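Report on one structure; see the data block that follows.
The values are calculated or read from the model by the stated rules, or taken from the named source; none is laboratory data. All of these numbers come straight from a predicted model, not from anything done at the bench. Note that we place each Cβ from the backbone using ideal geometry, even for glycine, and neighbour counts take in every protein chain shown.
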Amino acid sequence: MAETDKNFKFQIKNFVPSGHLPQGDKLKIRGFCRFILDILFPPQCVSCGKKFETHTERVICEQCFALIPTRSGFMCLICGRRVPQFGEVCHREACFILAAATDYKNPQARETLHALKYGHIRSAAEPISEILAYYVAELILHHGLPTENTIIVPIPIHKSRLRTRGYNQSLLISELLQLKLRNELRVAPDALMRVRPTKSQTELKNYDEREKNVSGSFTVRNAESIAGKTVLLFDDVYTSGATMREAARELKRARARRVVGLVFAKA
Ligand SMILES: [Zn+2]
Ligand SMILES: [Zn+2]
């Protein structure tokens, strides 16, 4: 392994997002609330249920975290073939290339993601972004992903869903990913906008329904921020791909140079 690789991995491993820590009184109040909550509901691993010692933001234990596999390289979304190098074309009609950090089949990956999306545990974004940072760093170091003129665009959620969930998990993960990659890639949080609410894609089983559900649901808010760029379009999970195809088409319309569909887990 080259010396620069090792340094990069070491930096990623030891990065602590200090900007996220609250200060002063806020810290005291929060600390007290946490103390009470920890007594009532001791924190435990979302996967194996192992109890943690109190005062931790951890959601998954080290042993379970180590069981989440990391993929390498890209994938053609038409035929599913692994594409090792960025820029290599497998199927020309694909409007983006897929980059999936791990598999949705993996129970530890799935449980961590569920904690974030349905369990309202924000700190679950931490291990997810950790896996992604390692995966994206590998794409940069060994699979030709350029960092220049490359931006991360999280899939937006409609403001009605933002109100009920309280946060956009894709934006949360993207921001942590930027920090862990030491600002090597930047997030453009408002580049894409959701113009109308859609049903959850998981409720729709057939292809046509899913396509129709998301059709015309995105618009590019700031075309200048997209034109000529390589866009890492980020979503937490890839299933039928309908959402990502729709968003990617909009980005292409705004003259994105290349679109990479970056996801934490592929179903
Ligand atoms: Zn565990
Ligand atoms: Zn292909």
**Fill in**
Among PHE65, PHE96, the single one that is modelled with pLDDT of 95 or more, farther than 30 Å from ARG257 by Cβ and either more than 16 Å from ligand 2 (Cβ to nearest atom) or surrounded by 16 or more Cβ atoms within 10 Å (Cβ to Cβ) (or both) is PHE65
**Request:** Give the residues of region 68-77 that are at pLDDT 95 or above and not basic (Lys, Arg), sorted by residue number.
**Result:** ILE68, PRO69, THR70, SER72, GLY73, PHE74, MET75, CYS76
**Request:** Kindly indicate which of LYS105, LYS28 is away from ligand 2 (no atom under 16 Å from the Cβ), of a type in the set (Lys, Arg) and within 24 Å of LYS266 (Cα to Cα).
**Result:** LYS105
**Request:** Sort through ALA133, ALA101, ALA125 and tell me the only one that's in contact with a Lys or Arg (Cβ under 7 Å, 6 or more places away or on another chain), in a helix (DSSP H, G or I) and crowded, with 20+ Cβ neighbours inside 10 Å.
**Result:** ALA133
**Fill in**
A careful count of residues in region 220-240 that are assigned to a strand (DSSP E or B) and under 16 Å from ILE152 (Cα atoms) gives 9
